[in-house]
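Presented below is the structure to which this report refers.
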Amino acid sequence: MSPAHTPTLRDIANATGLSLATVSAALNDKHGVAPQTRERVLNVALSIGYDFRKKTKRVETELKTIGLLIKHDLDMVRGANPFYSQVQLGVTNFCQRHNISLMVASMDVDISNHPISWPAMINQNRIDGLILAGAFIDDTVEIITRTYDFPIVLVDSYSSTLKCDSVVTDNVGGAKKAVEYLIKNGHERIGLAGWNPLSPPSIQLRQQGYLQVLNAYGLRPFIVETQLSREGGQKAVTKLLTSNRQVTALFCCNDETAIGAISAIRQLGLEVPRDISVVGFDNIDLAAEISPPLTTIHVQKTWMGALGVQSLIERVLHPDKPKTTIVLDTDLVIRESVARIATPDPEKQREVELIQARTQHNLLP
């Protein structure tokens, strides 16, 4: 499609293999269109930059400004979040195409996930809709819904108790893809890093996917409770590789944890993937730039943001429609951090055992 070409209904029809009538009915929310068909039409329309302004005329008057609120854990270093910056990009691009103003803020939360303070855009009631990016506790979301009269969409989060639309990742399915790939490469002693009992729901689901695959293959889990961070990855490596339960591969619940793990493996005198294979989750930009480039699970981060705005539009147009959750599929991105396991070399095995003996004093309690 040339840059000067304005996307039309026929472009959507050609891309989906549907009739013009079906495409028109789907975009205008007419009866008789299956939900799966309508979602497919909307996804194609979004991807080619179709102009929704005629369809969303009411939104232009009622949804002039939306807010994007990104959670920030108070104990984490401030800076650009490689995951949510891509979500924000998706929100920004969609808002620009639809002439919707966007306000962005972060909210500090304590160790119990309770807000430290409320951003001005909420306190001053300056927005017509809100996207919450990250796992906020239900109490926080309920306060907002009870106090302010605007729709809320959760991105990378879900609430079973509140009537909020959500856009989430298939975390269980993504974790299964990662662990199954390791098993197909001969690994049976696979560790997990970046999870703890207080982890947000998305990470709990990734741990569930890990456990489900190991259970299906009759394999034993090796789990170290750590934070979802580079430091967490380093601590996991220290415990898993300096104990008598040596693993041959590590599944990390996000790429930051995997990057920390690779650094710690190198500090022990080992190599990735020759000695230990590592798989991450999220596919942040840095995953392709580190050495070795990280095999990981790709999450549709920009689409999460764009579909979050689309969900707000739909909620404004149809306030009585059933609560909706959009689950986005993941993809396995194969790079260079996983090796097929071979018959252990006796000399190399002795080297690994010596490394373990030297680092026993580093074991965490």
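The values are calculated or read from the model by the stated rules, or taken from the named source; none is laboratory data. Keep in mind the model is a prediction, meaning the values are calculated, not measured. For neighbour counting, all protein chains shown are included, and Cβ atoms are generated from backbone atoms with ideal geometry for every residue, glycine included. Keep in mind that these areas ignore ligands, DNA and RNA; they rest on the heavy atoms of the full protein, side chains included. Shrake-Rupley method; radii C 1.70, N 1.55, O 1.52, S 1.80 Å.
Restricting region 211-220 to residues that are open to solvent by 40 Å² or more (accessible area, probe 1.4 Å) and outside any helix (DSSP H, G or I), the residue that is farthest from HIS72 (Cα to Cα) is GLY218.
Each residue in region 136-180 was checked for being at pLDDT below 95, in a helix (DSSP H, G or I) and of a type in the set (Lys, Arg), and 1 of them qualify.
Of THR296, THR302, all but one fail to be of a type in the set (Ser, Thr, Tyr), open to solvent by less than 10 Å² (accessible area, probe 1.4 Å) and under 13 Å from the mean Cα position of the chain (by Cα); the exception is THR296.
With respect to (1) without any contact (Cβ under 8 Å) to a residue 24 or more places away in the chain; (2) open to solvent by less than 10 Å² (accessible area, probe 1.4 Å); (3) among the charged types (D, E, K, R), the lone exception for ASP165 is condition (1).
From the list ALA45, ALA105, which residue is more than 21 Å from the chain's Cα centre (by Cα), of a type in the set (Gly, Ala, Ser) and at pLDDT 70 or above? Answer to the check: ALA45. The combined condition, being buried (at least 23 other Cβ atoms within 10 Å of the Cβ) and within 21 Å of the chain's Cα centre (by Cα), is not fulfilled by ILE190. On the stretch given as region 271-281, residues that are open to solvent by 10 Å² or more (accessible area, probe 1.4 Å) and either touching a strand residue (DSSP E or B) at 6+ places or on another chain (Cβ under 6 Å) or in contact (Cβ under 8 Å) with a residue 12 or more places away in the chain (or both) total 4.
If only one of ILE223, ILE183 is over 30 Å from ASP320 (Cβ atoms), in a strand (DSSP E or B) and open to solvent by 10 Å² or more (accessible area, probe 1.4 Å), which one is it?
Result of the check over ILE223, ILE183: ILE223.
Please determine whether any residue of region 196-203 is at pLDDT 90 or above and in contact with a Lys or Arg (Cβ under 6 Å, 6 or more places away or on another chain). No, region 196-203 contains no residue that is at pLDDT 90 or above and in contact with a Lys or Arg (Cβ under 6 Å, 6 or more places away or on another chain). Within region 109-135, the set of residues being open to solvent by less than 30 Å² (accessible area, probe 1.4 Å) and part of a strand (DSSP E or B) comprises VAL109, GLY129, LEU130, ILE131, LEU132, ALA133. Out of ALA287, ALA249, ALA261, one residue alone is in contact with a strand residue (DSSP E or B) (Cβ under 6 Å, 6 or more places away or on another chain), touching a residue at least 40 places away in the same chain (Cβ under 8 Å) and more than 24 Å from TYR84 (Cα to Cα). It is ALA249. Filtering region 200-210 to residues that are closer than 27 Å to ARG266 by Cα and surrounded by fewer than 22 Cβ atoms within 10 Å (Cβ to Cβ) leaves only ILE203. Looking only at residues of region 244-270 that are open to solvent by 20 Å² or more (accessible area, probe 1.4 Å) and within 16 Å of HIS187 (Cα to Cα), we find that the one that is modelled with the lowest pLDDT is ARG245.
Among residues of region 323-343 being open to solvent by less than 90 Å² (accessible area, probe 1.4 Å) and farther than 30 Å from VAL153 by Cβ, the one that is modelled with the lowest pLDDT is ALA342. Looking for something of a type in the set (Phe, Trp, Tyr), modelled with pLDDT of 80 or more and either assigned to a strand (DSSP E or B) or surrounded by 14 or more Cβ atoms within 10 Å (Cβ to Cβ) (or both) - is there at least one such residue anywhere in region 89-100? Yes; the residues of region 89-100 include at least one that is of a type in the set (Phe, Trp, Tyr), modelled with pLDDT of 80 or more and either assigned to a strand (DSSP E or B) or surrounded by 14 or more Cβ atoms within 10 Å (Cβ to Cβ) (or both).
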